[in-house]
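Any read-out appearing in this document is the output of simple, stated calculations on the displayed coordinates, not a laboratory observation. These numbers come from a predicted model, not from an experiment. Because the Cβ atoms are built from the backbone with ideal geometry, glycine has one as well, and the counts that use them run over all protein chains shown.
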Amino acid sequence: MPELPEVENLRRGLNSRIKGQIVKKVSVFAPKLVSGKGNVRHASGAKTRLFIRAFKGEKIQDIERRAKNLIFHFQSGKILLVHLKMSGQFVYQERHKNVVEGGHPIQLSEIKLPNKHTRVIFELNKGVLYYNDTRMFGYLLYYPTIGTLIRENHFHKLGLEPFDPHFTLKYLAEELKKKTGKIKTVLMGQGIVTGLGNIYCDEVCFAANIRPTRRANSLKPNEIKKLHLAIQHILKRAIEMGGSSIATYRLADGSRGNYAREHRVYGKDGKPCVICGEDLKKIIVNNRSTVYCASCQV
Ligand SMILES: [Zn+2]
């Protein structure tokens, strides 16, 4: 699943290529994906017809990101909200040019477009934007205005963006005090700050010398300070590096994310800690593999 740095890079890549373009035609091959969100969804013919009609002739003004959601703003005020979930990907192809993609990795056998996993096609004035999704957990939703999206309270469970000026040390300390869960579980919940999935949670806990199983409300002021710095530093660096290139994940400009080279604990169980040399340990937290150094992280 792409994490925040990968979605941010996809957003930047899409903005540089499709901003200002006009949607000529929309085709939907999996009505379920445009009919709602959540695990149980039913295809709606009415919603699908509305989705197809709504974007025709519309000019793409900007693409914004909130946590791992992409919000496409059209000049008329219409909104397209997209979440890639486990296996969604966007592939943009301009006539006579190479394919560019972002999100879930594309398989070389599926480089032909459209392919059997193509669920929605947006024909633009200069090229074609394909939404592919093997497992179909992602969604693409139409809102007539930003107000209708906000009123639906779509983002109410999400905490602050890591680079929001309100995400201060004081805020983090106050929020952690209210939580009794393990620090990794609390951070992965996204309710305090967004952007920390499995990879970046392990990396920030290591950088802050905090064991992922510590209770959130047990952290001391100097530990919270280190954690706050680590969250901002690691996510900023990961975005700059284009995200973590896992397997064949690639960015919207076709390049690879390079942050994986800088991982210090994620995926490195049994290897020596870069600080103390002890073997890194692997445990399960929040049903996810978690790697940490038992001597550096207390
Ligand atoms: Zn160590």
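Where strands (runs of 3 or more DSSP E) fall entirely within region 110-176, those with at least 3 residues that are more than 17 Å from LYS68 (Cβ to Cβ) and in contact (Cβ under 8 Å) with a residue 12 or more places away in the chain are at 118-124, 127-133.
Being part of a helix (DSSP H, G or I) and over 27 Å from the mean Cα position of the chain (by Cα) is the filter; apply it to region 218-232 and report the residue that is surrounded by the most Cβ atoms within 10 Å (Cβ to Cβ). Within region 218-232, the match that is surrounded by the most Cβ atoms within 10 Å (Cβ to Cβ) is SER218. Of the strands (runs of 3 or more DSSP E) lying entirely inside region 1-93, the ones with 1 or more residues being touching a Lys or Arg at 6+ places or on another chain (Cβ under 8 Å), of a type in the set (Asp, Glu) and surrounded by fewer than 18 Cβ atoms within 10 Å (Cβ to Cβ) are found at 60-66.
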